[in-house]
Structure formats: structure tokens, C-alpha cells
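The values are calculated or read from the model by the stated rules, or taken from the named source; none is laboratory data. It should be emphasised that the depicted structure is a prediction, and the values quoted were computed from it without experimental measurement. Every residue, glycine among them, receives a Cβ derived from its backbone with ideal geometry; neighbour counts consider all protein chains shown. We work out accessible area using only protein heavy atoms, side chains counted, and drop any ligands, DNA or RNA first. Shrake-Rupley method; radii C 1.70, N 1.55, O 1.52, S 1.80 Å.
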Amino acid sequence: MGFSKLWLDYRKLADSRRRVIISCDRTLYDSAAFEELKNAMTTMVPDAIVIWKSEVFDDDSYLILLTLHPELSHEEYDIAASMDITEICGGSETGLLYGVFAYLRQTALAGGFCSFTAHGKPSQPLRMLNHWDEADGDIERGYSGQSFFFVNGDLEINERTLMYARLMASIGINGVVINNVNVRRRAKLLLTDEFSDRLADLGELFGKYGIKLFICPDFAAPKTIGGMDTADPLNKEVVNWWESTCAHLFEKVGNLGGFLVKADSEGEPGPMAYGRTHADGANMLARAVKPYGGIVIWRCFVYNCTQDWRDKNTDRACASYENFIGLDGQFDDNVYLQAKNGPVDFQIREPVHPLFGAMNNTNLIIEFQLAQEYTGQQKHVCWLIPMFREIMEHHTRHDLPDDRVSRIVCGVAAVANTGDSYCWTGSELAAANLYGYGRLLFDEKLSCTEIAEEWAELTFGDDDKVISAVKEILLDSKQAYEDYTVPLGIGWMCHPNDHYGPSPWGYEFDRWGTYNRADRDAVGVDRSAKGTGYSLQYAPSWAEIYGDTDKCPDELLLFFHRVPYTHILHSGKTVIQHIYDTHFEGYAKAEHFAELWKSLEGRIDDSIYQNGCERFAEQLRCAREWRDIINCFFHRLSGIDDEQGRVIY
Ligand code: GCU
């Protein structure tokens, strides 16, 4: 299948010059920065010849200088652009590449060469994508087709992989995990020689684009590959096995950054089976990769997934913090703990994970999910960047001069939303999530409006009507989705397993620890000090707010409290009326998005338009189900009518 160039589909500029001269030291001729600029200029100024040496420099020439500047840091760049001459400086070839992409973006947005200066340096040191691709080509929670990494049982490196590396570098991604965190069934092979040559080639390609390659290993590999009868991290032979496996792997795969590990979670093997701690497991691997500059990213998504729904004392939300807080300070310096953005699992609304406000002596990474598992599976438009930004800007009230999540973490990861579909993300509009994610991590000062505008213009061109419609859809879409799905932070009213569409009691009597406890009198889970005590995992001033029904923010009320349907929110509405209103309003917003999209017929590429129409039709069908089933569910339970007398089935 072919593939779209997404936001790197360079268009012709309004410029008729005959010559674009790219001047740089010849050692840069092989760099990705030089190649990108050369290819982009050939498309953007088609009347010109693009050359890198010229005796002639006249009115018909445009000169671009590429230089490396040792006083800039590795990923930093400076741009000084004018109508005739531009200088792009980078701290390294990667910094230079980021500078080239920034320059091309500005120039594309302006529609022609223009004067500006820019300085860029990423806001986050680690900017990762986690692919949940399987060695057999499937993608767990993938909504965009099959894997383009693993094709026909092999690790594929082709034009698409190159395009992928360019796209990722253009938004500043510098670490990519290519396989699923759930490894026990299928991905042992990546540690063996079967894939190491291909991994080396992929690593080399990624390296050229400033991206480190990561893999998820099988923690039980000493058993499953090594033929041993234990994977105990404190066993000397196990340690030796990992040391020699890593020595071999890192020697072969030059650009390997390290491992991402899901251990003792949802059936994945880990150190606890041997009575060892997460620190024992993570440090053992960290020591094996340390000689090669590798790091180990260890996930905090650990909870009891065989809970009895009758048990009201066990609270899944508490689990991650409880499993890790006691280990603060025990991890080696090349271990990073990766916690999801909220304590449970990528719901449309959760409080910020409490570990970010509590750990003092541990490297932390926050994990988001671009794959829209619980947020419409790329059939619904749900632009997540406002949510990511809000979480990154959240004040944890940790005892620090700058207590925002963005300053506490030393990296960010997101579950990728890509696959082998033509437009990479199944829906064209879902690509805005991928784009926005990278841009936000690189430059945290960008507003959501700026990012939406940039993406819309780079994707659809400069038709004002298109830009304004797409911008409106993106900016309002997350709130609309929250409105017509699960109210007030309660979460989990989706179909079990596939997590798509409404099923208010789908998870209620199951083992996953995901309950709404709705009955005829009340709804929600009491996580205050009087309940499961989850609110106490926060800094005292947050614990006081979250733990009090009068102070808790409306949007999280049912996450933290069990209240009657007649409870009055800060908004002045009762809980039940809020549920009815938001469901009618959310659906109306989705209808409005579909109409806005329809108004773009003939103004955007027809196949993109059709793809959007199909997806909006499905979004409307499903949003209607959400609206009517959730309203009906709460109406039947509470027996309270809608004040406005609208139809509730
Ligand atoms: C969710 C998701 C799983 C995934 C898990 C994880 O529970 O449904 O498919 O494996 O998260 O993050 O590890």
C-alpha cells in the first residue's frame, strides 16, 4: 500500500528564482539535514536548480548556509532567514536537522521565502513513541491497519520506514520502541540473532534522523530463550545471561537505546514471581545495558487484574503508587519509571497520576496514548493535545520551585496511533494527534490553537475556510467526546475487550477493578479518606480538594466520590441534569463537526474528504448510541426526568 507524506508534502512556493544554493561543509553532504533541504527545495522552488556549489550569486539566487556550532547543545538550532539568504545552525547533525525542519515549516506556512529568526531547543529531553506492534504484523489496540515494521514475519526497512523516520524527526521524536510491551506471547525473537541484522539496519536509519531505537524484551527470556529454569534477577546465571545477551545485541545494533519493560502486569513476567522487587528487576537489566550507554524504561502500570467486583476495599487507582512509592531512590540512574498520565488506564478523564507529585529520587516518564483506544478508535475525531497540555501544565504541588508535571518528568512517551494505512493513522484527522504530540514536547510554549493551525495549514493548504473549520473541529473535539461518553470522570462504561461504544455495566461485574457502582441512589467510587483513601496519595493541598465533595472539581467528581443524583455541582446543576445536558450537547457538537466537514467538499482532496465523511457518519452513529444508552441507563436507575423534557428512551 502507498502512503501519504502527511505534513511533509511540500508545496510550491511563490518564488521564481532560478537558483537555490545550499552551502555547507562537505562532511554534511550525507546528513539528513542536507538531504531534506535539497529535496524540499527541489519541490518548493521547481523553477530553480538546487545546487551546493556556485560561482554565481545574483538576484536570481537564494542562498542557504548550513553550519554546526559547538556552542549550541546537541538538539538545539538557530535560524536567521531573510529574503535572499538564510543561515541554519545546529549543535549537531540532529540539531541541524531540527533547524531545517523548522525552517521548512515556517517557509511553507508563509508560502514563500521570508525574514525571520528562530531558536529551538526541545522542552523535553526524551520524546518517545511506543509502538504496540507484534512480530507477526498485528498491532495491539491498532486502528490504522497492520504494522509497517513487521511484515511477513520480517523486520521491514523500505521507503515507508524512511518516510516514517523523516516524519518523526520533523516533529522532534528522538526515541522509538518498535514492539509491543506485551511480549510473552510473540516478541522473544528480537533478542535473538534472527532479527539482529535488520535491527542494526533500522537503528542506523533511525540514527541518521536523531532517533534511538528501543525494544521491549521478554523479562523471562533467560527461560524462554536461554533454556534456564529461572529468570530471577538476583540469580548469578540470569545476570550473566543478560550481560552476554546485551553485549552481543548492543555490539550488533549500534543505535540501540535500551529496553522498555512491562513486568508483573496483566500476566507479563517480572521479578515478583521470585519474591524480588521492581527495583531488583529494573536495576539488573539497567546494569546489563549500562556499558553501552543504554537505559531501561520500566512501566508502573501494575495492578491486580483478577479482582473480585464484590471487594470494595481494593482500588485499582491506588495500585500503581502503592507498588512503586516505597522504591523511590532505589533505582539506578539509567532506569526511568514510566507511569501513565492517570492512575487507571487512558480514560477520557482521570486525575493526574499521583506518582508525579510524590517521587523525589527517581527518573520519571509520563505515558500518553495516541492510539485512541478509549477515545473513539480513530473513527471519532478526538484531538487529545488540549488534554496532554493540561496534564503537562498541571501543578502537582510537589515541594519544588516549579511543580508542573512537565518539569518533574524527564521524558514523555505515547502509544503510537500509526499503521500501514495510506494516511498512517487510519483517519486523516487522527494524524493531528501525532503531529501535535511531537510539537508540544519540542516546544511546550505552543498553544493548542497554534498547533492546530499549523497542522491544518501544512496538511490542507491555506484556504481560510478549510483552516477555520478544521481548527474548530480539532479544538472542540475532545470536550465533545467527553460530553457524549462517560460523565464526570467515572470512566469505563465502554464495551469490554474492544473498548468501543457504550456498555454502562460492561465492566461492572468483571475482574479488572473498573467499577462505577451506580445504583438507584448514587453513582461513583468513594476514593476519599473515608473511602479507598486514594485521594491521600496526593500532596496535602490536593488531597484536601480531591477528598471533599464540595471542593472536588466537577469533571472528576465521580472519580473521587459516590454522590446522589441530586448532588449539586459547582456549575449549579444536579449530577443527573449534568449527565443529560452534556449527552445532548456532546451529540449536537458531533453533528456540527460533521456539517462543518461536509462544507469542505471540493475544497480538500476528495479521498481525504470521503474518508472524513465515512468516519463522521460512524462517529454520529456511535455518539447517538452513547447519548441514548447512558441517558437511558441513568434515567432508569434514578427515576429522575430531564428538566427539559427531551426524549430519553
Ligand atoms: C490497556 C490495554 C492493553 C495494554 C495495556 C498496557 O489495558 O487495553 O491492551 O496492554 O493497557 O498499557 O499495557
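Per the listing Phe250, Phe259, the residue uniquely at pLDDT 95 or above, within 16 Å of the ligand (Cβ to nearest atom) and not in a loop (DSSP other than H, G, I, E, B) is Phe259.
Flag: Asn174 matches the condition of being away from the ligand (no atom under 16 Å from the Cβ) and touching a helix residue (DSSP H, G or I) at 6+ places or on another chain (Cβ under 9 Å). Every condition in (1) within 16 Å of the ligand (Cβ to nearest atom); (2) open to solvent by 10 Å² or more (accessible area, probe 1.4 Å); (3) among the aliphatic types (A, V, I, L, M) is met by Leu400 except one, and the failing one is (1). Do we have any residue at all in the range 325-341 that's open to solvent by less than 40 Å² (accessible area, probe 1.4 Å), acidic (Asp, Glu), outside any helix (DSSP H, G or I) and closer than 22 Å to Tyr507 by Cβ? No, that holds for no residue. Applying the criterion of being open to solvent by less than 30 Å² (accessible area, probe 1.4 Å) and within 12 Å of the ligand (Cβ to nearest atom) to the residues of the range 128-141, the residue that is farthest from Lys212 (Cα to Cα) is Ile139. Selection of the range 608-637 for residues being in contact (Cβ under 8 Å) with a residue 60 or more places away in the chain and open to solvent by 20 Å² or more (accessible area, probe 1.4 Å) yields Ile608, Asn611, Arg615, Glu618, Glu625, Arg627, Ile629, Phe633, Leu637. Of the numbered criteria (1) outside any strand (DSSP E or B); (2) within 16 Å of the ligand (Cβ to nearest atom), the one Ala414 fails is (1).
Take the range 193-225 and flag every residue that is open to solvent by 30 Å² or more (accessible area, probe 1.4 Å) and either among the β-branched types (Val, Ile, Thr) or touching an Asp or Glu at 6+ places or on another chain (Cβ under 9 Å) (or both). Matches in the range 193-225: Arg198, Lys208, Lys223, Thr224, Ile225.
For the range 568-591, state whether one or more residues are touching a strand residue (DSSP E or B) at 6+ places or on another chain (Cβ under 7 Å), in contact (Cβ under 8 Å) with a residue 24 or more places away in the chain and part of a loop (DSSP other than H, G, I, E, B). For the range 568-591, residues touching a strand residue (DSSP E or B) at 6+ places or on another chain (Cβ under 7 Å), in contact (Cβ under 8 Å) with a residue 24 or more places away in the chain and part of a loop (DSSP other than H, G, I, E, B): absent.
Among the numbered conditions (1) touching a Pro at 6+ places or on another chain (Cβ under 7 Å); (2) open to solvent by less than 50 Å² (accessible area, probe 1.4 Å), the only one that Arg276 does not meet is (2).
Residues in the range 82-117 that are open to solvent by less than 10 Å² (accessible area, probe 1.4 Å) and assigned to a strand (DSSP E or B): Thr86, Ile88, Gly90.
The set of residues from the range 365-383 being open to solvent by less than 10 Å² (accessible area, probe 1.4 Å) and away from the ligand (no atom under 16 Å from the Cβ) comprises His380, Cys382, Trp383. Looking across the range 279-311 at every residue that is loosely packed, with under 15 Cβ neighbours inside 10 Å and free of Cβ contacts under 8 Å to residues at least 40 places away in the same chain, the one that is nearest to Ala247 (Cα to Cα) is identified as Gly293. For the range 541-590, filtered to residues that are open to solvent by less than 40 Å² (accessible area, probe 1.4 Å) and among the acidic types (Asp, Glu), the residue that is farthest from Val525 (Cα to Cα) is Asp581.
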